[in-house]
């Protein structure tokens, strides 16, 4: 059961930190994460919290990101130096712990990996990765109606579809700015889903 009162202070802080559209997106991701948590028997409280915090560093200006990461001792790749907006997930996990006092490793990992994902994600990581992509205010990504339905049928296949669509889009738009993890996640979940096709049917998380 979600105890929203518990998170009033976080929501108030986020409302000040984020622009109006980003704050609306944040609330929508938290709600969507809860629906996915119900479907996949995950912790709704943690899903709501991770959804709230997933973009808590999004409105930090790009020109400040690398310097702040260096100040906080966070790693920065060559790709991230070229495209600092990619750092918002790692910075968000840091702020979730240092500013908002979150200590749960599942929540912090879900925030850190919500943009690119990672191979072999836990259930909460997958939920936030998917919720960020399918929340109701999203309109621009291709295949959204199909992916939204799939999210309540097979979570791993949904991760694959999102990773594949994202990778192919970036490959056409700006291949030099593709985070290597995006490609790695696409190939990892492709292998996983192919392997599952050879196994007996199960609850497809």
Where the centre of each part is set by its Cα atoms, how far does region 47-118 sit from region 167-189, in angstrom? 19
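Is it possible to state the helix-based mean residue ellipticity at 222 nm for the chain, with each DSSP H run of 4+ residues giving -39500 (n - 2.57), the sum divided by total residues, to the nearest 500 deg cm²/dmol? What is it? If you can, show how the numbers build up before the last one.
On the way: 11 runs with 131 residues, N = 205.
It lands at -20000 deg cm²/dmol.
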Please tell me the relative contact order of the chain in percent, rounded to the nearest whole number, where contacts are Cα pairs under 8 Å and at least six residues apart. 20
For region 131-205: rounded, prolate or oblate by the Cα gyration tensor [a/c cutoff 1.5]: oblate
With a 10 Å cut-off between alpha carbons and a GNM built on the chain, which of 107, 185, 76 moves the most? 76
Taking the Cα-to-Cβ direction at residue 85 and at residue 199 and moving 7 Å from each Cα, how far apart do the two end points lie in nm? 3.6
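Order these peptides, 85-95, 172-182, by their mean beta-carbon neighbour count within 10 angstrom, highest first. If you can, show how the numbers build up before the last one.
Working: 85-95: 21.8, 172-182: 13.3.
Ranked from most to least packed, the peptides come out as 85-95, 172-182.
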If I take R0 = 45 Å and measure r between the Cβ atoms of residue 174 and residue 11 in this structure, what FRET efficiency does the formula 1/(1 + (r/R0)^6) give, to the nearest 0.05? 0.85
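Taking 8 Å as the Cα distance limit and 6 or more residues as the minimum spacing, I'd like the relative contact order of region 87-205 as a percentage. Walk me through the numbers before you get to the answer.
Details: 113 pairs, mean separation 28.3, N = 119.
Normalised by residue count, the contact order of region 87-205 is 24 percent.
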Which of 187, 54, 114 ends up with the largest GNM mean-square fluctuation for the chain, with Cα atoms connected below 10 Å? 187
Quick one: among 19, 64, 120, which has the greatest mean-square fluctuation in a GNM of the chain with alpha-carbon springs under 10 angstrom? 64
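Here, each number is a calculation from the coordinates, and none is a lab measurement. Model, not experiment: these values are computed from the prediction. Cβ atoms come from the backbone with ideal geometry, glycine included; neighbour counts cover every protein chain shown.
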